[in-house]
Amino acid sequence: MKPGFWTAREGGGRVMPLDAEPVRARKLNLLATNTAEARIRRCWRTALLLPALADALALHQADRPSRLFDITEYPEDDRELITQILGEGEVAGIAVLENGITAQMQEAVMAGVWRVRFTAGNGRLVGDYIEVGSIPAAVRLACSRRPASISHGAAPAGAMNVMPLLTEIGDRIIRHRDSDPAHIITFSLFPMSPEDMTFLQDSLGVGPVRLTSRGYRACRIVATAARKVWSVQFYSVMDTIILDTLEICDIPAVAIAAEEDFHDSKMRIREMEETYFK
């Protein structure tokens, strides 16, 4: 297969210029150490947070806005314990907001529960939240100002199909409604020359969001600079692209917590509360 849509081309092509990392739990599980009981007794804020998260999950529906729980001012013991309890789920990513703030996102092992940290350009933490929702609100906010049209020049020498493809993408952007299924363009089924791919990448540009999913197949989801246009790439265990697509949609489904996840996550949170705080 030819290099993927967001793979750097020979000579140094444009790739997603986002280097921040999501929140990650320490390899040592603090809940399994000898000091766990004493730490848990100190972390009364965490004890209050868990039932609040479970209640939010019980009420949440996939099409509703997220609910945020601010833990920015929690003591370090509480925030580290929360990191351990939440663990690392399938989806992580970053979103760059217009004010220069970067949102670093990590889904918990309980799908639909997210740890979202906001940092300034100098790396200073300005907000730390637990969010219950299908996808962090920062993703939608970062994408909301993208233009709904594509600007490009004349087709380059060697182009085959990029111009009709750009016309199709532009038409789909205008016609797409949030309730519509994604329109998917699969490059392995669509003959594109290297000149086509370079011109397409330059025309769509780089967007403000990068997500990764570690579900059944590793997947990279990258927003282009055009509204509702996403690069979605699936990888093999050898880290080679096995499916290279563009999706025209609100947010690709592979990154979104499903409706049935909220009930399962609520039950897991209740179990954690019962095990460690009762």
Exercise for the section: Provide a single number: the residues in segment 142-161 that are surrounded by fewer than 15 Cβ atoms within 10 Å (Cβ to Cβ) and under 30 Å from ASP70 (Cα atoms). Expected result: 2
Problem - Check on ILE251, of a type in the set (A, V, I, L, M, F, W, C), more than 30 Å from ALA155 (Cβ to Cβ), outside the structural domain of ALA137 (by TED's automatic domain parsing) and in contact (Cβ under 8 Å) with a residue 60 or more places away in the chain - result: yes
Problem - Near pairs, Cβ below 9 angstrom, 6+ apart or cross-chain, from segment 204-232 (at positive phi) to any residue that is in a strand (DSSP E or B) and not acidic (Asp, Glu) - result: GLY205/THR224; LYS228/ILE248
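What about GLU10, is it among the charged types (D, E, K, R), loosely packed, with under 11 Cβ neighbours inside 10 Å, part of a loop (DSSP other than H, G, I, E, B) and at pLDDT below 65?
yes
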Exercise for the section: Look at segment 223-254 and say how many of its residues are surrounded by fewer than 23 Cβ atoms within 10 Å (Cβ to Cβ) and within 11 Å of the chain's Cα centre (by Cα). Expected result: 4
Exercise for the section: For GLY100, indicate whether it is assigned to a helix (DSSP H, G or I), among the small types (Gly, Ala, Ser) and closer than 18 Å to ALA225 by Cα. Expected result: no
Exercise for the section: Within segment 117-125, identify whether any single residue is modelled with pLDDT under 90 and in contact with an Asp or Glu (Cβ under 7 Å, 6 or more places away or on another chain), and answer yes or no. Expected result: no
Fill in the blank from the handout: Within segment 223-278, the residues that are of a type in the set (D, E, K, R) and part of a strand (DSSP E or B) are ASP244, GLU247
Exercise for the section: Can you tell me which residue among ILE169, ILE174, ILE185 is surrounded by fewer than 14 Cβ atoms within 10 Å (Cβ to Cβ), within 29 Å of ARG140 (Cα to Cα) and in the same structural domain as THR224 (by TED's automatic domain parsing)? Expected result: ILE174
Practice task
Within segment 148-158, identify whether any single residue is in contact with a Leu (Cβ under 7 Å, 6 or more places away or on another chain) and either within 27 Å of GLN106 (Cα to Cα) or assigned to a helix (DSSP H, G or I) (or both), and answer yes or no.
Solution key: no
Practice task
Among the numbered conditions (1) under 20 Å from GLU260 (Cβ atoms); (2) surrounded by 18 or more Cβ atoms within 10 Å (Cβ to Cβ), tell me where PHE118 comes up short.
Solution key: (1)
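Quick check on ASP180: is it touching a Lys or Arg at 6+ places or on another chain (Cβ under 8 Å) and acidic (Asp, Glu)?
No; evaluated as a whole, the condition is false for this residue.
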Problem - Where ALA258 falls short, out of the listed (1) at pLDDT below 90; (2) buried (at least 19 other Cβ atoms within 10 Å of the Cβ) - result: (2)
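Taking segment 102-115 as the search range and keeping residues that are more than 17 Å from VAL254 (Cβ to Cβ) and more than 11 Å from the chain's Cα centre (by Cα), which one is surrounded by the fewest Cβ atoms within 10 Å (Cβ to Cβ)?
VAL109
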Exercise for the section: Could you grab me the full set of residues in segment 174-222 that are in a helix (DSSP H, G or I) and of a type in the set (Val, Ile, Thr)? Expected result: ILE174, THR198
Practice task
Identify the single condition in (1) hydrophobic (A, V, I, L, M, F, W, C); (2) surrounded by fewer than 18 Cβ atoms within 10 Å (Cβ to Cβ); (3) assigned to a loop (DSSP other than H, G, I, E, B) that ALA47 does not satisfy, given that it satisfies every other one.
Solution key: (3)
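The values are calculated or read from the model by the stated rules, or taken from the named source; none is laboratory data. Just so it is clear, the structure is predicted and the values come from calculations on it, not from any experiment. All Cβ positions, glycine included, derive from the backbone under ideal geometry; neighbour counts span all protein chains shown.
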